[in-house]
Each structure stands twice: as structure tokens, then as C-alpha cells.
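J.: Just dropping this structure here.
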Amino acid sequence: MSISWLQAGLLGFMSVLAASTPAALGTTVGNYTLNRPLVASLFVGLILGDVPGAITIAIPMQIIYIALVTPGGTVAADLRAVSYIGIPLAYVTCVSQGLDLAGAEAQGIAGALGALVGTVGTVMFYGTAMMNLFWQHYGWARLDKGDFNVLTKVEVFLPIVTHIVISFIPVTILVYYGAGAVENFKSALPMEAWYMKALFTLGSLLPAVGIAILLKSVINKTTDLIYFVGGFALAKSLGLSLLAATAIGGMFAFVNFQIAMASYKGASSGADDEEDI
Amino acid sequence: MKKISKASLSKSFWRWWYGNLTCFTHEHMQTFGYMWSMLPIIQELYPTKEEQAEKLRTYYPFFNTEPQIGCIVVGITAGLEEARANGAEGIDDEMINGIRAGLMGPLAGIGDSLIVGTYIPVLLGIALGLSEGGSVLGPIFYIIVWNITSIWFQKFIYDKGYELGGNAVEMIVGEQAMAFRESIIVLGRIIVGAMAGSWVSINTSVILTYGLDPETGDKIPVFLQEKLDGAFPGVLTMVFVLLCWWLMSKKKVSPVKVMLLMVILAFVGVLIGFFDPGLSY
């Protein structure tokens, strides 16, 4: 199967709305909704005409990048590329090879492609931030002349130019020509080859980095890892679902809060009781 | 007595909600979003163009935080700006920027670890479960629940920040807030563990030795993976996560470099026979 220019253009347009940090639809709807591969797969599926297939193929990609935190504006990978280049290309590859989309092979290819195109997103992210410098410098110059309306221009309209150059055009072209290239995936890149095995392995190793980034944001001292290991055992050894593990975690959090408040009240006894927040 | 109208407050909120990062650069990050959001308030409170320009200058300095939880700071400065326009003492550029600078660090920490690091992955995790078999329930669940809860939360803390003004600072960095935050983070740690156990799966293909089938006499391989899982299910996965964590938090290696290391480990691991996904067309 191939992707038409119209489909490629629509995917490029979606990548503009969903660009990582400086998304055209803002942080909540752009970055944290449309940018996530699982959400994107719904729209990719609508564009390609197979919603269940696109969602199935997006699941391993979402898992790789589930824990992506961008502290201080440094990104490891911008998911717009994973979502709007990776998902369509993985889908086309697997359909062209006649693979079962939910099977281990298709899921492996999806993970490997997701790992690969993440780097394209990183380049896009830094490109966007660089190009926006022009608009901000223009904004400062106009502000000095007392032109307040320039703020709306800098915030809403000029970044769209950045997105057309950095997101829309590259994504459209990469998806259109990429879909042609992956047709020959099978002969060019045999699954038994050592480098393909390495790529599949990479797809299973990368989620560990995402989880570790997340872990770093919740661990203050090494002994805090006890909770992490306990949570791991809840899921892996006891086979609890995430919600069930949340219930047990909530219990520990509640006990911790009671203890912290008791020691807080103890320390400030004599002073007036403060209102609850 | 000047009072900011509901319309201006709501305009300010939505401008921040939308524009906090639309023109992101590494030079000024969220500064332009902040100015754009404060403009309606400044224009309403101060009649002359000169005064407006002067007050807008307060918001020229660098600003960056987790922008969703950062709504509260914009709300606080709206409250402070109203008090300043009414001639309250002690509210000057320095005081406002002191509060902004003092809050952006702690709030970024809370926002990154609680909203982006815990809440979003948990919602995505539930959505992944709902998506099995390619069901649209998963994406739709995430779109609805995340946007409604997140926008409600942002509006709520913006309004709270405006109401409380400078008093909101205690609410964020006070002792009770600390106890609450620390407890939520305990939950976060357990969930991150559960996420690692559910979603990461790293297996080795190493064969330790061969045993003999007592009936047929065939050789059967003894896998290292099975022995490891017998001791602690998924222990190899856990070791990898902890290795990445150790590199990033104790050795200060950047996430991109850790990813590169994984690329190397994947290639070397396959070449020496440690990893073998065992897939074929």
C-alpha cells in the first residue's frame, strides 16, 4: 500500500497541531493530547482509513515513550515524529508485508521504527526553538516602540510559519516518500540480520530509559527505590493491573500523609491550628 | 477601588493556557506567553499608554516552569497587579519578580513529576488497556479525561492564585503542602514501579547449559531468563531501568546519551548472543 499526497499532507498538518513543546494548539491539547502516539493513532487511522489497525500498531510506540518528561525544555525525543511519521510508516510496512498487526513481528517493527524516528523529532524540536528566535527578536523591537499588539502576532501567528517550515513540509515529504521506501523493507532489511535484531532489541530497551527519566523525577534519595521495587513486584510478580497497583500505592501515600501531618502538628504544637488547604 | 473584570481575567487565563509555549525559544522560554497573558489585565488597570508600557516591563524577565501548574503564578501576579493599581504598599517590580522567580523552580518540579511524570502516564496506561484489539475507547478515554481534568485544574489554580495573591505562596511551599506533595510522590514511585513491571520487558536469549529429556533423551536448553525470573520475575528489566536511573541521576548522564548507550548495548548484545528477539517474516 502507499500513501497519497493528500494523506501525507494531512499527517503533516496534524504534526503542526501536535508539535512537542511549542505546539500550534498549545500545551494541553497539542503537546499532551495530540502529540501522544496512542491519541495520534486515532487520527492517523482516520487519515489512512484503518483506525483499529493504526491503534494496534501505535501501542508499542506509546509504551516506549510513555514516560517522556521534558525538564527545563530539554527533550530526548519529540513525539510528533513518532506519532505522525513513525505510526503511518510502521503501519504501511506491516500491511505491505502482510503481517498480523497485533503479532510479535509487527509490534517489533513498530517499536524499532518508533525508536528510529524519535531522533527526527529531536531535530525538529530544536529547529522550532531556533527559528522562533526571529519572531521573539522582532517582538522585542516592536515592544520598545510601544506596539502591544505585536504580542498576539508573536504568540499566535508567526510560530505557524515556523511550523510550516520545520514540521509540515518535512513530515509530508518523509511520509510520502518513506511509504514508498518501506515497501521493500522485507528484502532490504531481513529480520534475521544481526542489525535488524539489534533494532528490535533497541525497541525493547528504550522504554527502560523513559521509565528511568520518570523514576529520576520521583526519587530523592536512594532508599526511595524501595517503593519502586515494591511497585514493580506488584505488577510483575503479583500480576496486578495498573489501577489495582494505584489503589495499593494510594494506601501507602495516605499512611505517609498521616505520619507527616502528625509530626507536623507535633512540631507546631502550641501555635494556632492552621486551616486545611 | 479598581477591580479586574471577569472578562479580562478569563482572557488572561485562556491566553496563558494557549500561549505559554507557542513561541518557545531557549532564550526566553515562556516570557512572551506571560506578557501576552498579562496584557489585558494591565490595559484594564492602567489608563495611560505610558503606564501600561511601564507595567508590562515588569514581566520582561525570563520565565519558565511547568506551564500547566504554572497557571497559579499568572493568577498570583494578576492579584498582585490589582493590589498595586490600588496603591498597596510594598508591591513593586522586585517583589513581583521575586515571587515569580521563587515559584518557577518548585512548581516545575511538582508539575514535571506529578502531572507529566505520574498523572499522564497513568491515564495513558489505562487508555492502553482500553485500546487492546485496536479499540478507539483508549484514545477517546484519554482525550476526554485528560483535557477536562487538566483544564479544570488549571482554571481552578489560576483563580485561586488571583484570589490569594501573595498569600498563595504559603499554599505552595508551606509545610502542609510539602507533606501532601511528598505523599503523592510516594504513590508516584509505586506506580512507576508498576509501570516498569507492566510495560518494559527485557529478555536475554542466553542458554546456560543443556539438560536431557528423561523420556526421549533429547537435549533441552536451560535458559538464563527462566532462572532469573525464578528468583525475581522480571529482574533483568528492573536492573536495566535502575542502570539508566543510576546513570542519569548519580552520574549526571543526559537522557540522549543514555539512549545512545542503549543503541550500543543493543548492537553489542545481539553480536555476542545476549539478546535475540527471535522474529522472522
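Each value in this text was obtained by applying a stated rule to the coordinates, not by laboratory testing. Predicted model, so just to flag it, every value in this text is computed and none were measured. A quick note on method: Cβ atoms are made from the backbone with ideal geometry, for glycine too, and the neighbour counts reach across all protein chains shown.
J.: So for chain A, considering every pair of alpha-carbon atoms, how many percent are separated by more than 24 Å?
T.: In whole percent, the long-distance tail amounts to 59.
J.: Kirkwood hydrodynamic radius of the stretch A:219-269 from all distinct Cα pairs, in Å?
T.: 12.4
J.: Please report B:57, B:100 as a ranked list, fewest other C-beta atoms within 10 angstrom at the top and most at the bottom.
T.: Starting with the residue having the fewest Cβ neighbours, the order is B:57, B:100.
J.: When the C-alpha atoms of the stretch A:91-184 are aligned to their principal axes, what extent does each axis show, in angstrom, from largest down?
T.: Sorted largest first, the three principal extents are 62, 20, 17 Å.
J.: Give the order of A:167, B:198, A:241 when sorted by the count of other beta carbons within 10 angstrom, beginning with the fewest.
T.: A:241, B:198, A:167
J.: Name the shape class, rounded, prolate or oblate, that the alpha-carbon gyration tensor gives for the stretch A:1-60, where a ≥ b ≥ c are the square roots of its eigenvalues, rounded holds for a/c under 1.5, and otherwise prolate holds if a/b is larger than b/c and oblate otherwise.
T.: Oblate is the answer for the stretch A:1-60, as a/c is 1.5 or above yet b/c matches or exceeds a/b.
J.: Please identify, among A:220, A:256, A:132, the residue showing maximal mean-square fluctuation in a Gaussian network model of chain A using a 10 angstrom Cα cutoff.
T.: A:256
J.: Kyte-Doolittle mean at least 1.0 and Cα extent at least 24 Å along the axis: which DSSP H helices of chain A qualify?
T.: TM-like helix candidates: A:194-218, A:242-267.
J.: With a ≥ b ≥ c the root eigenvalues of the C-alpha gyration tensor of the stretch B:1-147, is it rounded (a/c under 1.5), prolate (a/b larger than b/c) or oblate?
T.: Taking the square roots of the gyration eigenvalues as a ≥ b ≥ c, the stretch B:1-147 is prolate.
J.: Rounded, prolate or oblate: which fits the stretch B:15-80, taking a ≥ b ≥ c as square roots of the Cα gyration tensor eigenvalues, rounded meaning a/c under 1.5, else prolate when a/b beats b/c?
T.: Prolate shape, in that a/c is at least 1.5 and a/b is the bigger ratio.
J.: Something else about it: Over the alpha-carbon set of the stretch B:204-271, work out the extent along each principal axis and list the three values in angstrom, largest first.
T.: 55, 26, 11
J.: Along the charge dipole of the stretch A:5-218, which of A:89, A:134, A:175 sits closest to the positive end, that is, farthest toward it, with unit charges on the beta carbon of Lys, Arg, Asp and Glu (+1, +1, -1, -1)?
T.: Final value for the positive-end residue is A:134.
J.: Which aspartates and glutamates have a Cα less than 18 Å from the Cα of residue B:55, not counting those fewer than 8 places away in the same chain?
T.: Output for residue B:55: A:144, A:147, B:44, B:81, B:82, B:89, B:92, B:93, B:94.
J.: If you don't mind, there's one more thing I want to ask. Rank the residues B:162, B:46 as a footprinting-exposure proxy: fewest other Cβ atoms within 10 Å of their Cβ go first.
T.: Sorted ascending by nearby Cβ count, the order is B:46, B:162.
J.: Quick one: which residues, 5 or more positions from residue B:29 or on another chain, have an amide H under 5 Å from its amide H? H modelled 1.01 Å from N in the peptide plane, none for Pro or chain starts.
T.: Counting only residues 5 or more places away or on other chains, the set is empty.
J.: Next question. Quick test of the membrane-span-like rule: which DSSP H helices of chain B reach at least 20 Å along their long axis (C-alpha atoms) with mean Kyte hydropathy at least -1.0?
T.: B:31-45, B:71-85, B:93-110, B:137-164, B:175-199, B:255-271
J.: Further, regarding this structure: Between residue B:223 and residues 5 or more places away or on another chain, which pairs have amide H atoms under 5 Å apart, with H built 1.01 Å from N, and which residues are they?
T.: Close amide H contacts, sequence-distant or interchain: B:208.
J.: Taking 2.2 N^0.38 Å as the expected size of a compact globular protein, what ratio does the Cα radius of gyration of the protein assembly as shown give against it, to two decimals?
T.: Its radius of gyration relative to the 2.2 N^0.38 Å reference: 1.04.
J.: Find the Cα radius of gyration of chain B, compare it with 2.2 N^0.38 Å by division, and give the number to two decimals.
T.: With N residues counted in chain B, Rg over 2.2 N^0.38 Å equals 1.40.
J.: Another one. Which lysines does residue B:251 reach when only Cα atoms under 16 Å apart count, and residues fewer than 8 places away in its own chain are ignored?
T.: A:216, A:221
J.: When the helices in chain A are scored as -39500 (n - 2.57) per DSSP H run of 4 or longer and the sum is shared across all residues, what 222 nm value do you end up with, to the nearest 500 deg cm²/dmol?
T.: Result for chain A, helices only: -21000 deg cm²/dmol.
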